[in-house]
Amino acid sequence: VLCLILLTDFQSLVAKDSNSFTRGKLELSAIQTIVVPSELYTESLNGAVADLLSHWYYRVDSLLSITSETKEKKNAVILKQARSFKNKKRGSFSIQRNGSSILIRAWESEGFRNALYTLCHDLLGVRWYWPSSLGLEWVGEVPKYFPDKKWEQIPSFEIRTLYDLDPVFAQRNRLNKGYAFNHNLARIFKPEYQKFFPNAYAQLGDRPTKVKGSTKFDPHPNFVNETAAQIAALAAIKHFKDNPNAVSFSLSPNDNVLFDTGEATQAFLEPLSYFRGKPNFSDITFSFANKVAEIVFEEEGMWETNNGAPRYLCMLAYYWTEQVPQGNLHPRIIPILTSDRAQWHDRAYAEQDKDLIKRWSNLNTDKKGTWDYYFGAPYPYPRQFNAQIAESLNYLKAYDFDIFFSQASSLWGLDGPKTWISSQLLWDTEQELEYLLSEFYAEFFGAAAQPMRSFYE
């Protein structure tokens with residue numbers, strides 16, 4: 001009797017909603033609405049909704065309406081905040097059919113935005129290979145029915161930044177921005193502080209120490225001086241208090257090798273070691289970062305933002321500080337490794353770099369990141385190293401690096417394939433490189449695919 005009742009109810013449902021179901025399947029053309037609750041609205045999400053609507057109309061021949069009314073349950077794409085995603089990697093989401101609707105679950109705006117662009121990419125076949133309308137292509141056929149599966153996607157990297165690309169291209173290819181870790185010590189150790197705390201600034205022998213607030217030319221502070229650590233800690237505390245939702249503050253060294261030459265510094269460094277042919281200053285630089293972190297995180301309210309997100313101090317492992325420091329780091333310090341992994345074509349360098357990544361991964365920090373150099377300029381030819389990009393991203397992910405930043409100010413005529421490939425692999429490193437490359441050349445260049453591939457390679 002129960003089976004008969006359930007069968008009768010199901011037949012009644014199909015009869016009432018015949019536009020949505022065909023033998024238990026959901027037709028894309030039956031979807032009529034997208035439900036975006038008002039509390040989820042952001043400008044960037046609005047752009048994703050607009051893109052989905054326009055391409056749904058073109059590819060499905062159906063014009064969706066937008067509503068914030070959560071009572072709209074049928075024939076809709078429904079965005080629903082789900083607490084189960086709060087502790088998952090930023091930007092994660094799930095998509096699944098729910099009766100006659102498509103249900104998208106995420107925790108924050110970025111997750112919903114990624115989900116909408118995943119529908120564009122995986123369901124509608126939309127590609128943005130290049131900024132502007134020149135880069136727009138539609139790939140493959142759109143299915144008649146919504147796939148009867150659950151997509152739960154967690155990005156390979158929490159932060160996926162290719163700087164400084166067109167922001168619309170970046171959003172459409174599910175790139176994002178995150179923690180602050182650029183050169184910053186010159187902004188902390190201001191010129192006006194020097195006369196009050198001269199010992200916190202570098203001694204450069206007979207050469208007078210001049211600071212002008214330049215991250216390019218100011219020397220680093222005196223890393224062994226206790227006052228220097230206090231100045232940096234107070235700057236971080238002020239930043240977090242002035243910006244209650246800030247999740248990071250940069251302690252990264254200036255873009256030079258002007259270090260203190262005083263007796264205490266020399267004593268700390270002895271005996272001087274070298275790494276990659278350069279003096280190794282990692283211990284003195286990261287011990288300074290540890291001192292700053294201890295002061296900052298002893299302050300009440302510093303561990304988390306107003307909305308409960310953890311806070312971090314970021315430090316570039318750059319130039320004379322690439323080597324892993326001895327001992328451990330404070331868990332709320334994020335080290336950002338710097339490397340030009342195009343050089344992985346040299347297998348000896350690749351193995352050395354892999355060993356370095358592995359040793360950094362053994363530190364007990366909550367997060368680790370990397371800064372790479374994907375840009376093509378000033379090379380007057382295509383600087384393609386796609387195999388090295390795929391190999392290194394897989395390796396970084398395997399050792400729990402989840403923050404990725406690269407300078408990639410593309411000259412699109414020379415760098416186009418590399419830039420799009422990078423954005424796809426940062427989202428999911430398990431994608432097949434050759435498949436992505438073949439698709440790019442075939443779909444973007446059409447009949448010219450083979451000669452253009454030869455040009456780039």
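The values are calculated or read from the model by the stated rules, or taken from the named source; none is laboratory data. These figures come from a predicted structure and were not determined experimentally. Glycine gets a Cβ as well: all are built from the backbone with ideal geometry, and neighbour counts include every protein chain shown. Keep in mind that these areas ignore ligands, DNA and RNA; they rest on the heavy atoms of the full protein, side chains included. Shrake-Rupley method; radii C 1.70, N 1.55, O 1.52, S 1.80 Å.
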Relative to the longest principal Cα axis of the chain, at what angle does helix 109-118 sit, 0 to 90 degrees, rounded to 10? 60 degrees
For the stretch 181-248, give the magnitude of the charge dipole about the Cα centre (Cβ charges: +1 Lys/Arg, -1 Asp/Glu; no others), in debye to the nearest 20. 200 debye
Expressed as a percent, the accessible surface of the chain that is carbon or sulfur, using a 1.4 Å probe and the full set of protein chains, is 51 percent
Under a plain spin-label model, where a point goes 7 Å from the Cα along Cα-to-Cβ, how far apart in nm are Asp122 and Asn46? 2.8 nm
Anchor Lys238: aspartates and glutamates whose Cα lies under 13 Å away (excluding residues fewer than 8 positions away in-chain): Glu299, Glu300
Using the basic label-point model (7 angstrom from Cα toward the beta carbon), what is the Ala447 to Glu434 distance in nanometres? 2.8 nm
Excluding ligands, DNA and RNA, what is the solvent-accessible area per residue of the chain at a probe of 1.4 Å, expressed in Å²? 47 Å²
As straight-line cross-link partners of Lys73, the qualifying lysines (C-alpha separation under 29 Å, not fewer than 8 residues apart within one chain) are Lys16, Lys25, Lys86, Lys88, Lys89, Lys144, Lys149, Lys150
Centroid-to-centroid separation of the stretch 246-322 and the stretch 336-390 [C-alpha atoms, Å]: 21 Å
Starting at the first residue of the stretch 366-376, write each ³J(HN,Hα) from the Karplus equation 6.51 cos²θ - 1.76 cosθ + 1.60 with θ = phi - 60°, in whole Hz, x for Gly and Pro. 5, 9, 9, x, 9, 10, 10, 10, 8, 4, x
For the chain, take the longest principal axis of its alpha carbons; what is the angle in degrees between that and the long axis of helix 2-16, to the nearest 10 within 0 to 90? 90 degrees
All lysines inside 16 Å of Lys354 as judged from Cα atoms, apart from same-chain residues fewer than 8 positions distant: Lys368, Lys397
Dimensionless Rg/Rh of the stretch 235-348 - Kirkwood Rh, Rg from C-alpha atoms: 1.03
Neighbour-limited loop hits for GluC sites (Glu not before Pro), the stretch 243-322 (at most 16 other Cβ within 10 Å; DSSP other than H, G, I, E, B): Glu298, Glu299, Glu300
Return the long-range amide H neighbours of Leu26 (sequence gap of 5 or more, or a different chain), with a cut-off of under 5 Å between placed amide H atoms. Phe146
Note the angle between two axes, namely the Cα long axis of helix 226-242 and the longest principal axis of the Cα atoms of the chain, as a number of degrees from 0 to 90, rounded to the nearest 10. 30 degrees
Taking the Cα-to-Cβ direction at Lys74 and at Ser62 and moving 7 Å from each Cα, how far apart do the two end points lie in nm? 1.4 nm
When the helix-only estimate is applied to the chain (DSSP H runs of n ≥ 4, each -39,500 (n - 2.57), divided by the residue count), what is the mean residue ellipticity at 222 nm, nearest 500 deg cm²/dmol? -10500 deg cm²/dmol
